[in-house]
1. If a residue must be modelled with pLDDT under 90 and crowded, with 20+ Cβ neighbours inside 10 Å, how many such residues does region 299-318 contain?
2. Would you check if there is a residue in region 259-275 being acidic (Asp, Glu) and either closer than 29 Å to Tyr184 by Cα or at pLDDT 95 or above (or both)?
3. Of the conditions (1) in contact with a Leu (Cβ under 7 Å, 6 or more places away or on another chain); (2) surrounded by 19 or more Cβ atoms within 10 Å (Cβ to Cβ), Arg341 fails just one. Which one is it?
4. Checking Asp212 against (1) out of contact with any Cys (no Cβ under 6 Å at 6 or more places or on another chain); (2) farther than 21 Å from Leu49 by Cα, which single condition isn't satisfied?
5. All but one of (1) surrounded by fewer than 19 Cβ atoms within 10 Å (Cβ to Cβ); (2) outside any helix (DSSP H, G or I); (3) in contact with a strand residue (DSSP E or B) (Cβ under 9 Å, 6 or more places away or on another chain) hold for Gly273; which doesn't?
6. Can you pull out every residue in region 195-206 that is more than 10 Å from ligand 1 (Cβ to nearest atom), among the hydrophobic types (A, V, I, L, M, F, W, C) and closer than 21 Å to Gly8 by Cα?
7. Out of all the residues in region 17-35, is one or more crowded, with 16+ Cβ neighbours inside 10 Å, under 23 Å from Gln236 (Cα atoms) and under 25 Å from the mean Cα position of the chain (by Cα)?
8. Within region 58-102, can you find the residues that are over 23 Å from Leu188 (Cβ atoms), crowded, with 21+ Cβ neighbours inside 10 Å and of a type in the set (Asp, Glu)?
Amino acid sequence: MDLYEYQGKELFARAGIPVSEGRVAETPEQARAAAEELGGPVVVKAQVLSGGRGKAGGIKLADSPAEAEAHAADILGMDIRGHVVRRLWIEQASDIAKEYYLSVTFDRGEKKPLFMFTTQGGVDIEEVAAESPEALARLHVDPLVGFQPWQARRLCFAAGLEDPGEQKQVIAIVGKLYDAFVSYDAMLCEINPLIVTPAGEVKALDSKFTVDENALFRHPEVAEMRDVEAADPQEQLAREKGVTYVKLEGEIGILGNGAGLVMSTLDVIDQVGGRPANFCDLGGGGDAQGVVDALEVITSDAQVQSILFNIFGGITRCDEVARGILSALGQMAIEHPIVVRLDGTNAEEGRRMLTEASPANLHVEETMLSAAERVVELSGAR
Ligand code: GDP
Ligand code: MN
């Protein structure tokens with residue numbers, strides 16, 4: 001789960017990393033009030049889950065509360081790479097002498113957290129990595145030994161940071177960033193830019209903070225930061241119902257059991273000229289409630305024209321899935337044509353149950369290919 005800049009900064013502040021004081025605003029009036037409270041020049045920053053806000057015009061300096069209000073009116077509602085700005089962060093403006101970059105993330109190849117630090121911050125880090133890789137200091141932390149203070153010194157040294165005052169502050173921030181990374185079960189903590197003010201003070205001007213979804217149960221206060229309004233409504237519904245769901249662009253809703261089977265189903269749909277609207281993975285379950293939940297999520301997507309069930313019975317028995325489908329159809333009204341392909345354990349019995357009950361919109365097919373052809377035909381896509 002990605003956090004907004006202001007949320008990441010709140011976690012930074014809790015970890016003891018210096019950040020500027022600021023306020024959240026959702027209207028131009030609130031932006032003006034925030035600027036008045038903060039006093040002096042402020043920076044008005046779009047809060048969207050996307051980088052490059054500065055380049056897109058989503059970050060503006062304001063010398064007065066009136067100017068902050070005007071900038072807020074411009075930025076609210078702005079579309080930044082498909083993200084509509086509904087919230088702003090109004091922060092005391094900083095004077096910038098230098099812009100550095102510091103991050104910690106996972107290096108899956110090495111199975112270790114990886115720090116990256118460069119004095120060439122403020123720009124895309126990918127650019128630095130591509131154009132002047134020698135300027136990007138990299139350092140792995142052994143998760144069992146934990147972070148050692150000498151590692152922060154080595155990181156500064158490798159990046160060519162020479163000012164003793166800056167070194168001292170950066171070293172402290174590196175240690176605190178590692179603490180934040182570990183204690184919040186983060187996947188990424190990035191500060192770009194990490195600035196040095198003309199007075200020589202080092203602080204985080206931006207934050208990118210990604211936490212591991214699977215560890216959210218350990219951090220209820222972080223889980224609460226999720227912006228439900230910004231989430232896709234189907235994905236939100238799927239999360240509430242505990243269904244694995246991915247939204248795609250076509251017309252055919254897909255339910256399968258097991259990620260591999262679902263992936264192959266997408267390929268076969270494509271092969272016969274159709275386009276998947278989404279897919280749900282029933283996993284090992286095929287009980288009525290699981291099927292009802294998945295169907296509710298799939299049919300709440302207005303793009304869906306027809307639905308394909310592709311089930312391979314292993315531990316899950318096809319007769320159970322058939323029972324689940326029939327009971328789901330009894331519980332909810334679905335007008336879309338549904339094609340079902342059952343194979344594997346008790347497939348014949350499952351198919352017989354469906355054929356005998358024969359709901360009007362249900363079509364049973366024996367192979368994956370014929371089922372894909374049928375469901376594409378029924379979607380009206382060809
Ligand atoms: P991003 O574009 O989404 O990465 O947003 P950032 O928070 O990194 O801001 C982009 C740029 O805006 C920074 O690199 C700074 O150059 C500038 N900026 C942001 N806050 C301030 C500030 O308080 N003072 C000044 N002078 N510039 C700022
Ligand atoms: Mn940034």
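1. Looking only at that region, the number is 2.
2. Start the filter on region 259-275 by keeping residues that are acidic (Asp, Glu), which leaves 267, 270.
Right, trim to either closer than 29 Å to Tyr184 by Cα or at pLDDT 95 or above (or both) and you get 267, 270.
Yes, the conditions are met somewhere in region 259-275.
3. Exception for Arg341: condition (1).
4. (2)
5. (3)
6. Val196, Val202
7. There is no residue in region 17-35 that is crowded, with 16+ Cβ neighbours inside 10 Å, under 23 Å from Gln236 (Cα atoms) and under 25 Å from the mean Cα position of the chain (by Cα).
8. Within region 58-102, just Glu69 meets the criteria.
The values are calculated or read from the model by the stated rules, or taken from the named source; none is laboratory data. Just so it is clear, the model here is predicted, and its values are computed rather than measured. Backbone-built Cβ (ideal geometry, glycine too); neighbour counts: all protein chains shown.
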